[in-house]
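Report on the structure given below.
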Amino acid sequence: MAATSLRLVTIVAEPVLEPRLVRDLKSLGASGWTLTETRGEGSRGMRASDVPGAGIRLEVVTSAPLAERIVAHVAEHYFPNYAVIAWVATVDVLRGEKYV
Amino acid sequence: MTTADLLRANLLSPYVLAFGLGLLARLVKSDLALPKDIYTGLSIYLLFALGLKGGVELSQAPLGEIALPAVATIALGVVTPLVAYAVLRRLGRMRPVDAAAIAAHYGSVSAVTFIAAQTFVRSVGESPEPYLATLLALLESPGIAVGLGLGLLAVRGADRPVGGVMREVFTGRTMLLLVGGLAVGALTGKSGYEPIAPFYEGLFRGALTLFLLEMGLLAAERLADLRKVGGFLVAFGVAIPVIHGALGAWAGTVAGLSVGGAAVLGAMAASASYIAAPPAVRMTLPEANPTYYLTASLAITFPFNLVAGIPLYFWFAGLFAR
């Protein structure tokens, strides 16, 4: 099966952001997303010990231009005041046409 | 009963001792932890039980009787965050946004503190008005709204999801279970409630004890942050509940509540929210430091109210009633 080269955007954030991030992803045009609960520690301290609830890890497979838009959006709206990190990786995806 | 007797009765209650055990467990680094789902389940049970019981009683109370206490409660919800904000800004010299975030927590209410206060005044032989749970539902949101409003004045210009956040406060599990429970209880009345009463009353105090064990664990997790928040906030976390508690007990007395009822209203006004307020504040005022408001409300004010505050507000209510 042929694989298509696409982008995997991963956003790790504090739990209160879940509804907003999911809404943002959809309105930016992502066709789907995967969410897992996480634990961790960063420059803003242990997420689990701030507002109660586990951290979240949102993953989206998408085209390169949309990946860039998503990251720019997250950087603009959430980086200044929330515990968020985001990265983009190039991935070879099966059935790639589903995600563009 | 003398004040010392009241304090002793409170300290040796299973609730306070369970809370202490939770604190101790974390301090000795025990692996004890209540599974998250059980914690959530217990809080759903406690809130729904509270609503149901309150609703049944409400169905039998004349509406006129509750009007004045309801007005007093909403007034407390508006005044207490303003008092907290003024103290934090003037005496604590805190940033406006941090002061507003903390004020939102102290304007709102902790349901567990309410339950503990109700349980305490009953244990010393008082019979507080049965419709107090309705007042609890009224007190939750005004304080959060006032606190968020103060914060928005401080950070004006930025786009904030305030409407959505307040909607989440109203539809959050605390409000839904409490108001929903009140409605279900009021509609079913005494005869409908009787068959389910064993589950909601027989187990209630036991569930509360277990819940307070978990509260001890949660509070202990934040004890390390006490050093980070500084002496002023620690003093604030003890002094402000005393002021708000006196204000609440006085307002309750003026509104015609019994000594027990006024004491419970005092405890409600003195308490700080740690379930409904934190996510609302985090979403609307992300510039505020969460360590301040969470540590103050969970690690300072909650334990203070549980151990010393509630008997103190009862004593205040007794004074005002004279």
Legend entry - Candidate set from the stretch B:119-133 (those that are in a helix (DSSP H, G or I) and open to solvent by 20 Å² or more (accessible area, probe 1.4 Å)); member that is farthest from B:ALA267 (Cα to Cα): B:SER123
Legend entry - Qualifying position, being without any contact (Cβ under 8 Å) to a residue 60 or more places away in the chain and closer than 21 Å to B:LEU306 by Cβ, among B:LEU50, B:LEU23, B:LEU17, B:LEU27: B:LEU17
Inset, instruction - Say whether the condition of being under 28 Å from B:ALA280 (Cβ atoms), more than 14 Å from chain B (Cβ to nearest Cβ) and modelled with pLDDT under 85 is met by at least one residue in the stretch A:32-41. - result: yes
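Does A:VAL22 meet the test of being assigned to a helix (DSSP H, G or I), more than 12 Å from chain B (Cβ to nearest Cβ) and open to solvent by less than 70 Å² (accessible area, probe 1.4 Å)?
Numbers: assigned to a helix (DSSP H, G or I): yes; more than 12 Å from chain B (Cβ to nearest Cβ): yes; open to solvent by less than 70 Å² (accessible area, probe 1.4 Å): yes.
Spelling it out, A:VAL22 is indeed assigned to a helix (DSSP H, G or I), more than 12 Å from chain B (Cβ to nearest Cβ) and open to solvent by less than 70 Å² (accessible area, probe 1.4 Å).
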Legend entry - Top-ranked residue in the stretch A:75-95 [being touching a residue at least 12 places away in the same chain (Cβ under 8 Å) and within 14 Å of chain B (Cβ to nearest Cβ); ranked as most open to solvent (accessible area, probe 1.4 Å)]: A:HIS77
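I'd like the full set of residues that are of a type in the set (Phe, Trp, Tyr), more than 10 Å from chain A (Cβ to nearest Cβ) and either touching a Leu at 6+ places or on another chain (Cβ under 6 Å) or open to solvent by 10 Å² or more (accessible area, probe 1.4 Å) (or both), limited to the stretch B:260-308.
Filtering the stretch B:260-308 for residues of a type in the set (Phe, Trp, Tyr) gives B:274, B:292-293, B:302, B:304.
Next, only the ones that are more than 10 Å from chain A (Cβ to nearest Cβ) stay: B:292, B:302, B:304.
Passing the criteria: B:TYR292, B:PHE304.
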Legend entry - Set B:LEU226, B:LEU217, B:LEU257, B:LEU213: member being open to solvent by less than 30 Å² (accessible area, probe 1.4 Å), within 14 Å of chain A (Cβ to nearest Cβ), out of contact with any strand residue (DSSP E or B) (no Cβ under 7 Å at 6 or more places or on another chain) and over 28 Å from B:MET166 (Cα atoms): B:LEU217
Legend entry - Search result, residues across the stretch B:67-98 that are free of Cβ contacts under 8 Å to residues at least 40 places away in the same chain, part of a helix (DSSP H, G or I) and closer than 25 Å to B:GLY147 by Cβ: B:ALA86, B:ARG89, B:ARG90
Legend entry - Filtered residues of the stretch B:95-146 (kept if in contact with a Pro (Cβ under 7 Å, 6 or more places away or on another chain), among the hydrophobic types (A, V, I, L, M, F, W, C) and under 20 Å from B:GLY55 (Cβ atoms)): B:LEU135
Inset, instruction - Filter the stretch B:157-183 down to residues that are among the polar types (S, T, N, Q) and crowded, with 18+ Cβ neighbours inside 10 Å, then give me how many there are. - result: 1
Inset, instruction - May I ask you to say which residue of B:ALA186, B:ALA145, B:ALA154 is open to solvent by 30 Å² or more (accessible area, probe 1.4 Å), more than 30 Å from B:THR2 (Cα to Cα) and touching a Gly at 6+ places or on another chain (Cβ under 8 Å)? - result: B:ALA186
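Which one of these is open to solvent by less than 50 Å² (accessible area, probe 1.4 Å) and either part of a helix (DSSP H, G or I) or within 16 Å of B:GLY181 (Cβ to Cβ) (or both): B:GLY64, B:GLY55? Step through it out loud before you land on a result.
Details: B:GLY64 fails: open to solvent by less than 50 Å² (accessible area, probe 1.4 Å).
Selected residue: B:GLY55, the only one of B:GLY64, B:GLY55 that is open to solvent by less than 50 Å² (accessible area, probe 1.4 Å) and either part of a helix (DSSP H, G or I) or within 16 Å of B:GLY181 (Cβ to Cβ) (or both).
The values are calculated or read from the model by the stated rules, or taken from the named source; none is laboratory data. Source: prediction; values computed, not measured. Note that we place each Cβ from the backbone using ideal geometry, even for glycine, and neighbour counts take in every protein chain shown. Accessible surface areas use protein heavy atoms only, side chains included; no ligands, DNA or RNA. Shrake-Rupley method; radii C 1.70, N 1.55, O 1.52, S 1.80 Å.
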